[in-house]
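K.L.:
The structure follows.
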Amino acid sequence: MKKEVIKVHQDQDDLQKFFINRDVDRWNDEVAIIEEEIVLFSNLLGIKNDKLYSNIMERMNEFKLYNLAFQEELIAYDRKLEVLKECEDLQCETFFLNSHNEFKEKIEAHFYQYRNFKKTVFSVINNK
């Protein structure tokens, strides 16, 4: 992830845009890691053929689909943020801030659910 520093001369609008862009960069990193972890877990658990492993593999495939959907949404969202750079009025900025907060809640819930699922996977792997 690129390191950016808040500059002294930045105003409130610049700071909001800075933090929004930082969130998007972090989310892109997170969905990429989840994708790699799912491949790893699938390789580790895919050879087992009992009900517990089958249920975990099914949930893993669901997370893979959700994660792919979030990757696509992030690409679209990143493009939409280009318009934020052109916002000149409070109404436009308020729209984007509200939109960002809604998306943030949605993607953070995905990450939270995945982390909890990952605990289950670790538990199964440790009990092999």
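K.L.:
If you scan segment 40-58, which residues turn out to be surrounded by 13 or more Cβ atoms within 10 Å (Cβ to Cβ) and assigned to a helix (DSSP H, G or I)?
P.N.:
Phe41, Ser42, Leu44, Leu45, Tyr53, Ile56, Met57
K.L.:
Can you pull out every residue in segment 37-89 that is farther than 22 Å from Glu102 by Cβ and touching a residue at least 40 places away in the same chain (Cβ under 8 Å)?
P.N.:
Of the residues in segment 37-89, the ones farther than 22 Å from Glu102 by Cβ are 37-62, 64, 88.
Within segment 37-89, Glu37, Phe41, Leu44, Leu45, Leu52, Tyr53, Ile56, Arg59, Met60 meet the criteria.
K.L.:
Give just the number: which of (1) over 13 Å from the mean Cα position of the chain (by Cα); (2) surrounded by 14 or more Cβ atoms within 10 Å (Cβ to Cβ); (3) assigned to a helix (DSSP H, G or I) does Glu35 not satisfy?
P.N.:
It is condition (1) that Glu35 fails.
K.L.:
Moving on. Restricting attention to segment 12-36, report how many residues are more than 20 Å from Asn101 (Cβ to Cβ) and in contact with a helix residue (DSSP H, G or I) (Cβ under 7 Å, 6 or more places away or on another chain).
P.N.:
Within segment 12-36, residues that are more than 20 Å from Asn101 (Cβ to Cβ) and in contact with a helix residue (DSSP H, G or I) (Cβ under 7 Å, 6 or more places away or on another chain) number 2.
K.L.:
Do the conditions hold for Arg22, that is, is it part of a helix (DSSP H, G or I), surrounded by fewer than 13 Cβ atoms within 10 Å (Cβ to Cβ), without any contact (Cβ under 8 Å) to a residue 60 or more places away in the chain and among the basic types (Lys, Arg)?
P.N.:
On the way: part of a helix (DSSP H, G or I): yes; surrounded by fewer than 13 Cβ atoms within 10 Å (Cβ to Cβ): no; without any contact (Cβ under 8 Å) to a residue 60 or more places away in the chain: yes; among the basic types (Lys, Arg): yes.
So Arg22 fails the test.
K.L.:
Within segment 90-112, count every residue that is without any contact (Cβ under 8 Å) to a residue 40 or more places away in the chain, surrounded by 11 or more Cβ atoms within 10 Å (Cβ to Cβ) and under 13 Å from the mean Cα position of the chain (by Cα).
P.N.:
Qualifying residue count for the region: 3.
K.L.:
Which one of these does Arg79 not meet: (1) surrounded by 14 or more Cβ atoms within 10 Å (Cβ to Cβ); (2) under 18 Å from the mean Cα position of the chain (by Cα)?
P.N.:
Of everything listed in (1) surrounded by 14 or more Cβ atoms within 10 Å (Cβ to Cβ); (2) under 18 Å from the mean Cα position of the chain (by Cα), Arg79 misses just condition (1).
K.L.:
Next question. Could we say that Cys87 is outside any helix (DSSP H, G or I) and surrounded by 11 or more Cβ atoms within 10 Å (Cβ to Cβ) here? Can you show your working first?
P.N.:
Numbers: outside any helix (DSSP H, G or I): yes; surrounded by 11 or more Cβ atoms within 10 Å (Cβ to Cβ): yes.
Spelling it out, Cys87 is indeed outside any helix (DSSP H, G or I) and surrounded by 11 or more Cβ atoms within 10 Å (Cβ to Cβ).
Values in this text are rule-based calculations from the coordinates and carry no lab data. No experiment lies behind these values; they were computed from the predicted model shown. Here the Cβ is made from the backbone with ideal geometry for all residues, glycine too, and neighbour counts use every protein chain on show.
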